[in-house]
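*Asks:* One structure is given below, represented as structure tokens, and several questions about it will come after.
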Amino acid sequence: MKPEQLQSALDALTAQGLLRTRRVLDGPQGVRVHLDGRDFLSFSSNDYLGLASHPRLVEAVCAASPHAGVGAGAAHLLTGHHRLHQKLEDRLAEFVGFPSALLFSTGYMANLGVLPALLDRHGEVFEDRLNHASLVDAAILSRARLTRYPHVDLDWLDQKLGESDASTKLIASDTVFSMEGDVAPIRELLALAEKHDAWLYLDDAHGFGVMGEAGRGALEALMPGMLDHGQAWPSRLIYLATLGKAAGVAGAFVAGSHALTEWLVNRARTYIYTTAQPPMLAAAVSASLDLIAVETWRRAALGDLITKLQTALAGLPWPLMPSVTPIQPLLVGENTDCLRLADGLRARGILIPAIRPPTVPQGMARLRISLSALHTPADIDVLAAALHELASLGAVRQGSHG
């Protein structure tokens, strides 16, 4: 695109209801935020457990910074790998039940690092069609053949795996799909990986901290007993989780065998060629793990809020998509309708993002309601009252989701 074409392209996005804009947050992340000079009740954050501004995390950063400094100053392979990083990696591996773990700056960078480190043009990646964009980009960057299978269609996946003559096969899937809130069939995916001698790469960005009795993620929730009985995860299983959502801090980690993490240290370009995460943030994540494990009331509160929300929003012209997770998408349909509904809520002091293509398919725009353990039943009542009021006013045409 030429420089003189940018403005007309932006105008076209506006006309299609696809223009994105930023808003400025003042103060900490939470269920009540001060944004662009106004106070809002927020259902917009991935801070599912309400830990992003927890005093224990703040104290951990303050305690670590005098002896660790602020910036890491270098990549992990130079002088940037701090003792706090190493301690956190060891603890994360133990927490999720894998032999080894490796920190990355973000989940996006982790995905971009892992797949190209394991695959080349002779390999094939099999991805759920609703995977996060970072997994799709990682497959493209790897130069392997990319095959995207219909959402959780295991029969289709089984067939394509059987037909593949790739030297290396890798199945990649979100555990909790970020715009739908539904959960992948992990046990069945692992069985297919075993059957077809493939890697299984699980992105647990939205399950870690939230799912499982101890908050150890989707593997604990969907394959119970493995961790408690000391069984080892198969070496073909690669696990990723992010640390900026339920954990409330920043960064990500990849867990697997010792051989896997050693290979990634040597071949994952997004690990090798970037400055390490500030070590004081590693201290904050360690404090977060304590809270995730001990304060089980946070996950219990989320479960109660999910049930209450689903009951309170029954009868609206816009259905909630099936989800047992804190991600509760309200399907609206057309982009302009979704923006209009989000604007109506914002006028009433409620903040929920309107999710539109290309993040979701055309005609499937939605309000992505994200619940936090710090929301109250009264907050759900406020949201439900506003949505029912907007429905009665005909603010958005009914049934537009088709």
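*Asks:* Tell me, what is the percent relative contact order of the range 248-363, built from C-alpha pairs under 8 Å that lie six or more residues apart? Can you show the working numbers first?
*Replies:* On the way: 53 pairs, mean separation 15.6, N = 116.
Normalised by residue count, the contact order of the range 248-363 is 13 percent.
*Asks:* Oh, and also: Loop only by DSSP, 14 or fewer other Cβ within 10 Å of the Cβ. Give me the trypsin sites (Lys or Arg not before Pro) in the range 238-336 that pass, ordered by residue number. It would help to have the intermediate numbers written out before the result.
*Replies:* Details: sites: 245, 267, 269, 298, 299, 308; in loops: 245.
When the trypsin sites (Lys or Arg not before Pro) of the range 238-336 are filtered for loop state and at most 14 Cβ neighbours within 10 Å, nothing remains.
*Asks:* Taking the highest mean first, how do the peptides 198-211, 373-386 order by number of other beta carbon atoms within 10 angstrom per residue?
*Replies:* In decreasing order of mean packing, 198-211, 373-386 become 198-211, 373-386.
*Asks:* Just the C-alpha atoms of the range 55-294: what Rg/Rh do they give, with Rh taken as the Kirkwood radius?
*Replies:* That ratio is 0.97, to two decimals.
*Asks:* Could you go through the range 142-156 in sequence order and give the Karplus-derived ³J(HN,Hα) for each residue, using 6.51 cos²θ - 1.76 cosθ + 1.60 with θ = phi - 60°, rounded to whole Hz, and x for Gly and Pro?
*Replies:* Result, rounded to whole Hz: 6, 6, 6, 5, 10, 10, 9, 9, x, 3, 6, 8, 6, 5, 4.
*Asks:* What residues qualify as long-range amide H neighbours of residue 351, i.e. H under 5 Å apart, gap of 5 or more or another chain, H built at 1.01 Å from N?
*Replies:* 41, 42, 43
*Asks:* How high is the relative contact order of the chain, given as a whole-number percent (alpha carbon pairs under 8 Å, six or more residues apart)?
*Replies:* 22 percent.
*Asks:* So, one more: Compare the peptides 329-337, 286-294 by average per-residue count of other Cβ atoms within 10 angstrom and give them in order, highest first.
*Replies:* Values: 329-337: 21.1, 286-294: 18.6.
Going from most to least packed, we get 329-337, 286-294.
*Asks:* For each of 147, 307, 21, count neighbouring Cβ atoms within 10 Å of the residue's Cβ, then give the residues from fewest to most.
*Replies:* Listing 147, 307, 21 from fewest to most nearby Cβ atoms yields 21, 307, 147.
*Asks:* If a paramagnetic tag sat 7 Å from the Cα of residue 38 along the Cα-Cβ line, which residues of the range 315-356 would have the backbone N under 12 Å from that point?
*Replies:* Counting only backbone N, you get 342-352.
*Asks:* Moving on. Which of rounded, prolate or oblate describes the range 2-160 when judged by the alpha-carbon gyration tensor and an a/c cut-off of 1.5?
*Replies:* oblate
*Asks:* Right, next: Report for the chain the percent antiparallel among DSSP-assigned beta bridges with both residues inside it, nearest 5.
*Replies:* 55 percent
*Asks:* Then there is this: Between the range 1-72 and the range 104-124, how far is it from one alpha carbon centroid to the other, in angstrom?
*Replies:* Cα centroid of the range 1-72 versus Cα centroid of the range 104-124: 26 Å apart.
*Asks:* Under 20 Å from the Cα of residue 169, which lysines turn up, not counting those fewer than eight places away in the same chain?
*Replies:* Output for residue 169: 160, 195.
Laboratory data are not the source of any read-out in this text; all were calculated from the coordinates shown. What you are looking at is a predicted structure, and each value in this text was computed from that prediction instead of being measured. All Cβ positions, even for glycine, are placed from backbone atoms using ideal geometry, and neighbour counts span all protein chains on display.
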